[in-house]
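Q: The structure's right below; bear with me while I get my questions together.
Any read-out appearing in this document is the output of simple, stated calculations on the displayed coordinates, not a laboratory observation. It should be emphasised that the depicted structure is a prediction, and the values quoted were computed from it without experimental measurement. When we count neighbours, we look across all protein chains shown, and the Cβ atoms used for this are built from the backbone with ideal geometry, even at glycine.
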Amino acid sequence: MWDSIIITPFVNVLLYIYTLVGQNFGIAIILFTILIRLVTHPLTAQQVKGSKGMAALQSDKRWIEAQKKYKDDKEKLAQEQMALYKELGINPFASCLPTLIQFPIIIGLYQSVMLTLASSPIEMLNLTKHVYPGFLSISQLIPLNSKFLWMNLGLPERLHLPFLSFGIPVLAILVLITTYLQSKAMTPPSANPNDQSAQMSKMMNLYMPFLMFYLAFTFSSGLSLYFVTSNIVGILQYAALGMVDFKKMFSFPFLKKKA
Amino acid sequence: MKNKLIIGLLLIITALLFSGCTGTGISSSWPGITVANDVIYTSYGSGVFAVNAQNGTVIWRYPEKATKASFYAAPALTADGQLVVGDYAHVLHVIDAKTGQGHEIFTAESKWIGESVVVDGTIYASNADGYLYALDLNGNVLWKYKTESLVWSNPLILDGVVYQGGMDHFIYAIDANNGNLIWKTDTGGAIIGNIVNSDGSIFLGTMAKEAIAVDKVDGKILWRYAAAEAVWSGPAIRDGNIYFGDLAGNFYALAEANQAVLWQYKANGAIVGTPLLADDGIYFTAEDGALVHLDYTGKLLYSKPLADKLYGTPVPVNGKLLIGTTSKDTILIMLDENGNQVWALPQPK
């Protein structure tokens, strides 16, 4: 079911783009990621609208007062919150529902990229089963050209410079930076920076880039390329929706503190 | 404290989700098997294992503790009792077949998917970095030849010539002494399975749905046979007939002389391994997990479900039959002459 609805169509579109761009898998991954992010843009827009509404609600006087007044009566607090949602026309699920719908698409996109890289016999056998026979010819597709710039997209990426004895994980570093920037762009300013959810967002924004760096450092560079593209397109999407304050995004409070 | 716990859990779930999606933990291939003197040497997952062929007990494993390397290519046994085997972490190893003590001798740029072949003290090994390497047993490169793409199939060495199929659709004939190209021929499809020899010709299957015969001397394509699906499996030859399967589960018996189809059999899953041509008939595995046994007229003798999936070639061992599996709990199954299980080797921990 998952395979036939998500993975197989994704794999075929990805491979079709690959044939269109002169069998360059790197460009195919970039274009395919952009395509999927564009197709799911209405969901992103809805999510942004929902989180903007929630941010506005949290700075509303009545909301703040209700939090203080009913801090020991959760039932009453919930009633007051629901009344405010209704009055201001805010759907509390408006920001998380599009995210939930997008999540399987993102995972599917990621799985398709991994499946198409097929760097072992069983992966190759799996790939042959996902190609629509009348649409693409597997015999013309194999070998898949997994070279892109200095990278082999089926292997973890390292840039080897003649004067260095070790390889620099350029893509993994880019993943770290773009994940951090995207997290900052995605997090709306909180009315109360000390509340629990704001603290959690702050910590997630710090930890998540390192987790993504680890994944990019360890797994195939095709995956890292997808991460970087997805992050950059995500930032641009948020910018187009008026969510990004570039000045704020490129300010690094933890660096200032140290200085 | 509570926040940190939630964040930790979220990060762990994300990591598991992504690492799960990359296929980590899922087998990348099937066991490579070599048998000598009542000992089975098998490469699978985290190590190479020496197994007593009589009772299936593990004699040794290499490396002693699992590392990030994984092994799937069948080890090549040298005349002086050493095993040569490559791993997926790009390293080629030499292991003492008696003790299981081994060491790394050479590191390439990519995975060792094809099996190495050792002839007169020279290792011929192809790597997914696209090179065919000739090395001595200390790992010194004697020569290397660059193909246009990945190389997954095993080299075939005959009379001082290395025949190597590539993913780049070419078959190469290379001088085994110096690595000079003798000829190369575009077959029209990626070559993944074994190349086999018969008199003046070599035979191979391609992902362009063909079985092909090539002249050994000049590389000229002698004939092509169009199969229904991609031919991953290397063919096998006996008494002037050629046997092979395709990824749609079709099994073919062709007369070598005129490529007439003698008979066909339809299995329930893709046929990936080279068939075993034994005195009592043909054995091959299918992706549906069945071991299929036919006689030489194409009559089904049995089709025995053994595992979730089967890909490799059945290996004869002292009148019995050894099957490598990719199932979660078993990696080897030994069958007697009636197809009954004698022993099974559990998935090593």
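Q: Fewest Cβ neighbours within 10 Å first, please rank B:I191, B:I33 accordingly.
A: Final ranking by Cβ density, sparse to dense: B:I33, B:I191.
Q: Which of the listed residues, B:A190, B:A270, A:A45, is farthest toward the dipole's positive end in the protein assembly as shown, when Lys, Arg count +1 and Asp, Glu count -1 at the beta-carbon?
A: The residue sitting farthest along the positive end of the dipole is A:A45.
Q: If we sort A:73-82, B:267-276, A:127-136, B:90-99 on the protection proxy, mean other Cβ atoms within 10 Å, highest first, what's the order?
A: Descending mean neighbour count gives B:267-276, B:90-99, A:127-136, A:73-82.
Q: Looking at the square roots a ≥ b ≥ c of the eigenvalues of the Cα gyration tensor of region B:158-292, which shape do they give, rounded for a/c under 1.5, prolate if a/b is larger than b/c, or oblate?
A: Prolate is the answer for region B:158-292, as a/c is 1.5 or above and a/b outweighs b/c.
Q: Can you classify region B:217-348 as rounded, prolate or oblate using the Cα gyration tensor, where a ≥ b ≥ c are the square roots of its eigenvalues, rounded means a/c under 1.5, and otherwise it's prolate if a/b beats b/c and oblate if not?
A: Judged from the Cα gyration tensor, region B:217-348 comes out prolate (a/c at least 1.5, a/b above b/c).
Q: What shape does region B:276-318 take by its C-alpha gyration tensor, where a ≥ b ≥ c are the square roots of the eigenvalues and a/c under 1.5 counts as rounded, a/b above b/c as prolate, and the rest as oblate?
A: oblate
Q: Ok, one more. Please state, to two decimals, what the Cα-based radius of gyration of the protein assembly as shown comes to when divided by 2.2 N^0.38 Å (N = residues).
A: That works out to 1.14 for the protein assembly as shown.
Q: Shielding by partners for A:123-129, please: the mean number of other protein chain Cβ atoms within 10 Å of each residue's Cβ.
A: 5
Q: Along each of the three principal axes of the Cα atoms of region B:110-236, give the extent in whole Å, ordering the values from largest to smallest.
A: For region B:110-236, the Cα extents along the three principal axes come out at 45, 29, 23 Å.
Q: Still on this model: Cα-Cα pairs above 30 Å in chain B: how many percent?
A: 38
Q: Over all directions, how big on average is the projection of the convex hull of the alpha-carbon atoms in chain A, in square nanometres?
A: For chain A, the mean projected area of the Cα convex hull comes to 18.7 nm².
Q: Average partner chain C-beta neighbours within 10 Å, per residue of A:133-143?
A: Across the residues of A:133-143, the mean count of other-chain Cβ atoms within 10 Å is 5.
Q: Would you mind pulling out the separation of the Cα centroids of region B:36-76 and region B:239-303, in Å?
A: 29
Q: Give a residue-ordered list of calculated ³J(HN,Hα) values for region B:159-166 (Karplus: 6.51 cos²θ - 1.76 cosθ + 1.60, θ = phi - 60°; whole Hz; x for Gly, Pro).
A: 6, x, 10, 9, 9, 10, x, x
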